[in-house]
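Colleague: Okay, handing you the structure first.
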Amino acid sequence: MNDPFQMQRELRYGAPVCDQILTGRHFSIGYSWYFRQAKWTLEVINRNRDLVNDPEGVERLDNFRADTRIPKRFRAGLKAYAGSGFDRGHLVASANQDLQDVQNSETFLLSNMSPQRPMFNRGVWKKLEEEIRDLDSRPSTVETYVLTCPVFYFGEKVERIGKDQEDFGISVPVPHGFIKSVLVENRRGRFRLWTFEMPNKKQTAPLEDFLVKTYDAEQIVGGRFWDRISGGDLHTYKRKAGKMW
């Protein structure tokens, strides 16, 4: 069996363990059968940008659908989200993968979604995604890798959506928060790393307030993030007042 870590460009620096790796055309998903959603997603932002002639990209497709690579009894369907009051929150952002129709379409698989509170998804989460794309667009950046993880905290009540739907008996737990770890490789071959942890609710604090130690985030997710890079080669940025990147 071929090793996806050798084939998928976004996995070259490592990824946490999971139940099933879903290797897509443009990003990979580490799926959790237990939580009926991704344990993590890993992408290189618009990794084939140099091969596409249209710099403006494509329109957002909005073709949400179940991921048929996952057994029915372990996957979420559209009914689980209907009327739930939660957004189908992207883990790999649609605007991060918008060079081609097929690329953008892949981001609308429900395996790339987690239930997010609307004011979170459309507020601080969207802002973080925009800031990461801005970082990626800088001339000094060669590639930007983004690892995104829904997280659940032991001891806290877990809300579920879809429990009253006859959609293969599937209900989907609502994450308490999300972790996003951003690894940037610059033109000098140096790596910079920022990791954010955000509760799944409306936030008004500046983005830099959500910066955390990557080691602490790994303990929550339950796996190493960038285990194929020697720790001494990673320059981890810490929280600085009024400054993020």
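Colleague: Calculated from DSSP H runs of 4 or more alone, at -39500 (n - 2.57) each and per residue, what is the 222 nm mean residue ellipticity of the chain, nearest 500? Don't skip to the answer; put the middle values down first.
Modeller: On the way: 6 runs with 39 residues, N = 245.
Helix contribution divided over all residues of the chain: -4000 deg cm²/dmol.
Colleague: Give the separation of the Cα centroids, segment 108-181 to segment 13-48, in Å.
Modeller: Value for the Cα centre distance between the two parts: 13 Å.
Colleague: Asp227 to Tyr153: extension gain in nm, 0.36 nm per residue of separation minus the Cα-Cα distance?
Modeller: Values: separation 74, 0.36 × 74 = 26.64 nm, distance 2.35 nm.
Contour length minus the Cα-Cα distance gives 24.3 nm.
Colleague: Here's another thing I want to ask about it. Hey, what angle do you get for helix 124-136 against the long axis of the chain, alpha-carbon based, 0 to 90 degrees rounded to 10?
Modeller: Helix 124-136 sits roughly 30 degrees off the main axis of the chain.
Colleague: Determine, for Met198, Met113, Met119, Met7, the number of other Cβ atoms within 10 Å of each Cβ, and report the residues in order from fewest to most.
Modeller: Details: Met198 20, Met113 25, Met119 14, Met7 11.
Placing the least packed residue first, the sequence is Met7, Met119, Met198, Met113.
Colleague: Sorted by packing (mean other beta-carbon atoms within 10 Å per residue), highest first, where do 102-110, 128-136 land? Can you show the working numbers first?
Modeller: On the way: 102-110: 20.7, 128-136: 17.2.
So the order, starting with the most tightly packed, is 102-110, 128-136.
Colleague: Next question, about the same structure. Rounded, prolate or oblate: which one fits segment 71-137, using the alpha carbon gyration tensor with axes a ≥ b ≥ c (rounded when a/c is under 1.5, else prolate when a/b beats b/c, else oblate)?
Modeller: Details: a/c = 2.78, a/b = 1.36, b/c = 2.04.
Judged from the Cα gyration tensor, segment 71-137 comes out oblate (a/c at least 1.5, b/c at or above a/b).
Colleague: Calculate one ³J(HN,Hα) per residue across segment 170-175 by plugging θ = phi - 60° into the Karplus curve 6.51 cos²θ - 1.76 cosθ + 1.60, and present them in order as whole Hz with x for glycine and proline.
Modeller: The phi angles translate into 8, 10, 10, x, 8, x Hz.
Colleague: Tell me the relative contact order for the chain as a rounded percent, counting alpha carbon contacts under 8 Å between residues six or more apart. Could the numbers behind the result be given before it?
Modeller: Working: 494 pairs, mean separation 49.6, N = 245.
The value is 20 percent.
Colleague: Further question on the same structure: Any chance you could count the Lys pairs in the chain whose alpha carbons are under 15 Å apart, treating pairs 8 or more apart or on different chains as valid?
Modeller: 14
Colleague: A further question on this structure: What dipole magnitude, in Debye to the nearest 20, does the chain give about its Cα centre under +1 on Lys/Arg Cβ and -1 on Asp/Glu Cβ? Walk me through the numbers before you get to the answer.
Modeller: Details: 38 positive and 33 negative charges, 107 e Å.
Using only the charged Cβ atoms, the result is roughly 520 debye.
Colleague: Which label belongs to the value computed from this structure, given these candidates for volume of the Cα convex hull per residue in Å³: [x] 134; [y] 107; [z] 147?
Modeller: After the calculation, the listed value that fits is [x].
Colleague: Report for the chain the percent antiparallel among DSSP-assigned beta bridges with both residues inside it, nearest 5.
Modeller: Details: 41 of 45 bridges.
Antiparallel: roughly 90 percent of the beta bridges in the chain.
Colleague: Please check: in the Gaussian network model of the chain (C-alpha springs, under 10 Å), which one of Arg224, Arg47, Arg73 has the largest mean-square fluctuation.
Modeller: Largest GNM mean-square fluctuation: Arg73.
Any read-out appearing in this document is the output of simple, stated calculations on the displayed coordinates, not a laboratory observation. Quantities reported herein were computed from a predicted structural model and do not represent experimental measurements. Positions of Cβ are generated from backbone atoms using ideal geometry, with glycine treated the same way; all protein chains shown enter the neighbour counts.
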